[in-house]
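Read the structure below first, then the notes.
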Amino acid sequence: ICDALCKTAHLGATLVKDVLPTSALTVLQSEVAKMPLTLLVDDGTKVQQRFERAGYLRVPDDFPKIQELQLEIQRAIQSAGDKYPVLKNWESVDTVVQRYTDSGYLTSHLDLLRHRGVIAIFTLQGSCSFEVLSGRENPVIAQFTPVQGDLVLLRAPGLTGSTADDRPFHRVTGNTSTDPFRVSVTFRNNTEPEKSINGLYYSDKER
């Protein structure tokens, strides 16, 4: 994972292919199907969105395969702590599942400053176009097409050691595959989980 993190620090994001085998994907997809997903739609802000979402502080016990994936990515990221000190104590605090139809989208945005080090985004089903931009409305500087089983690593504050805000603007399309949905699960080191985010909430099971 060190090589992928090096690319992430330099480019802003990296695609890691074929991280999850088909057997794991099948179980993960079945767990997501049991989650209480809520539709998020445009609210008049700069960032426009349309997808279904479920969020958890860590992962409840009734999703054991997602919990296992959470711990695996946490261990992998922490293993790079000697090279990237911010990752030494990286914890997967936020778990966010998103489901997009072919008409879904998430426009150019920055993830929050509270999400430190790196953000890990697994595609469990379908595919999309994931683009990194040099600014909110600026040209695309990197484009990936993650499919099920792939991992995208996204640079977050502290990874490079810079005091400048080097979070990358990025956006995603809706599902581009023949599957009915594109489903992702994202793990983030939220350093301020007690602070609410407008329009987003954790599942009642984790409150």
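The values are calculated or read from the model by the stated rules, or taken from the named source; none is laboratory data. No experiment lies behind these values; they were computed from the predicted model shown. Ideal geometry is used to build each Cβ from the backbone, glycine not excepted, and the neighbour counts take in all protein chains shown. Quick note on the areas: whole protein, heavy atoms, side chains included, nothing else; ligands and nucleic acids left out. Shrake-Rupley method; radii C 1.70, N 1.55, O 1.52, S 1.80 Å.
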Amide H neighbours of ALA156 under 5 Å, at least 5 residues apart or on other chains, H built in the peptide plane: list them.
GLY117, VAL118, ILE119
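Report the FRET efficiency, 1/(1 + (r/R0)^6), for ASN89 and VAL41, where r is their Cβ-Cβ distance and R0 is 45 Å, rounded to 0.05.
Numbers: r = 36 Å, r/R0 = 0.80.
After rounding to 0.05, the efficiency reads 0.80.
How large, in percent, is the carbon and sulfur part of the accessible surface of the chain at a probe radius of 1.4 Å? Present the calculation step by step, with values, prior to reporting the outcome.
Numbers: 5010 of 9910 Å².
Of the solvent-accessible surface of the chain, carbon and sulfur hold 51 percent.
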Could you provide, to the nearest whole Å², the per residue accessible area of the chain with probe 1.4 Å?
48
Check the straight Cα-Cα distances from LYS34 and name the lysines below 16 Å, setting aside those fewer than 8 residues away within the same chain.
LYS65, LYS205
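Ranking request for peptides 15-24, 68-77, 86-95: highest mean number of other beta-carbon atoms within 10 Å first, then the rest in descending order.
86-95, 68-77, 15-24
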